[in-house]
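See below for the structure under consideration.
Bear in mind that the values in this text are calculations on the coordinates, not laboratory data. This is a predicted model, so every value here is computed, not measured. Backbone-built Cβ (ideal geometry, glycine too); neighbour counts: all protein chains shown.
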């Protein structure tokens, strides 16, 4: 078993023991870290940070042979990688611009997403669209995905085995899209990608984390904003900083 799997199991099993099987509200409990073990990539065409992401995918995985998002979607639809893949209505691989400079990452699909097969389409998704529009992004400008590609029963926390099975898919999506900037919405997604065991408040204390050479911001999940208005102002501050960093990266000489 890889160090990645052991870290997932140890931290998330501890969290389940504390909080039960349901996702706690922001700021209440800590989530588990993931610190992927690097395995040498066999993809000779990889360069820059993308070779690092490929190295996070198990060396024997068929994902290395997939080169388009359409192939990824077909792979997700036609394979059972974890028990939640058997109980889903639809797989939810991702949606958006395949050449996006900004990629938005959540933790897992909900009921609306499961029905439609597209991430962030319920009330939280509609709010995400408004947040993006407020900083001059259309939904079609960015690429949106989740760590899990299938809905966990009753929207419970992602389990270690589920993350182990699905996280390599996200890593392959990142290597295909090659975004300049990552936005994690929610503490679960933030902790998984940063490898921390932190509250969302602690994750936000650092505007941008370095995720294998790509700036990564963590902010509140839109669902948290729907539950409590107190998160709206800090989210607005976060995404304003995100837009500034985006412009610096994408149009540095303008």
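Brief remarks on what is shown
- Packing rank of 105-113, 86-94, where each peptide gets the mean count of other beta carbons within 10 Å, highest leading: 105-113, 86-94
- Anisotropy class of segment 58-166 from Cα gyration tensor, a/c 1.5 cut: oblate
- Theoretical FRET efficiency, 1/(1+(r/R0)^6), r = Cβ-Cβ of residue 180 and residue 111, R0 41 Å, to 0.05: 0.80
- Length gained when the stretch residue 140-residue 248 is fully extended (0.36 nm per residue, less Cα-Cα span): 36.8 nm
- A simple spin-label model places pseudo-atoms 7 Å from Cα toward Cβ; at residue 241 and residue 226 they are separated by 2.6 nm.
- Stretched out straight at 0.36 nm per residue, the stretch from residue 51 to residue 126 would grow longer than its current Cα-Cα span by 23.6 nm.
- Span from the segment 196-229 Cα centroid across to the segment 87-142 one, whole angstrom: 17 Å
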